[in-house]
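Could you have a look at this structure, given as structure tokens, before my questions?
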Amino acid sequence: MATLAVSASIALTIVGCGGPGSQSWAAETKAAESALKVATVSLVQRPIERHYSTSGTLRALRSANLVATQPALVEATLVEEGDAVKDGEVLARLDGRNVALQAAQAGLQLQNLQRELERLESVPGSAISKEEIDKQRYLVEEARGALRLSKHQVGLTSVRAPFAGTITARMVDVGVLAGTATQLFSIADLSVLDLDLHLPERDAATVKPGAEVELSLVDGTKFSASVVRRAPVVDAATGTV
């Protein structure tokens, strides 16, 4: 936005004098005064807006493609494209019977090792060496870690939203075998959108961060936005910023 200050005044001075022929001169002067009446207007300083129209594509600042981290059948899909979801909301369930069985086995293994450790520690005297007890303690900790991993894998059978947003795509159906890295959903946070615009250098020079922008979608919907940042250099190929 540029500001232009303008001030102007117009003055007309008519000087008369007496002498021969003054009556005819006065009559001519009176007629001239009637024809040369001028109105003056006081100018004030006001902002002048510059407008430039261009087009671009809106994109979400935060988006993600959700994938399967382990092979499993898709048991249920709970959302569709366009659905708004909360952070942590379950979007789909994968078959978790195998990992649940592994978790149960890891739990039993841990219990057995703990009981053995308790038995060794309860033996009086020096019948059991310190090295043997330490080895058993290591096995218990190893089994505890395996149980935590199995429980984590069970949790991964519930596909959850990593943040609040909108489902923009669903790529799988019930019964499909989702392999490792198979894309399941796309999600985007549409509460804050970003738009990259390219302006000619001469126009971009006057655009500053914080400047107001009006956006119009193809359906005629209008939004108000503001400039967040401006590229520090000019694209040599296009001459735009």
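Restricted to region 83-118, and to residues that are of a type in the set (Asp, Glu) and touching a Ser or Thr at 6+ places or on another chain (Cβ under 9 Å), which residue is surrounded by the most Cβ atoms within 10 Å (Cβ to Cβ)? Give the steps one after another, and end with the answer.
Taking region 83-118 and keeping what is of a type in the set (Asp, Glu), we get 83, 87, 89, 95, 116, 118.
Checking the rest, the ones that are also touching a Ser or Thr at 6+ places or on another chain (Cβ under 9 Å) come to 83, 95.
On the way: ASP83: 17, ASP95: 15.
Residue satisfying both the conditions and the ranking: ASP83.
Among the residues of region 184-234 satisfying the criterion of being among the basic types (Lys, Arg) and out of contact with any Lys or Arg (no Cβ under 8 Å at 6 or more places or on another chain), which is farthest from THR54 (Cα to Cα)?
Among those that are among the basic types (Lys, Arg) and out of contact with any Lys or Arg (no Cβ under 8 Å at 6 or more places or on another chain), it is ARG229.
Every number here is computed from the coordinates shown, using simple stated rules; none is lab data. Since the model is a prediction, treat every value here as computed from it, not as a measurement. With ideal geometry, Cβ positions are generated from the backbone for all residues, glycine too; neighbour counts draw on all protein chains shown.
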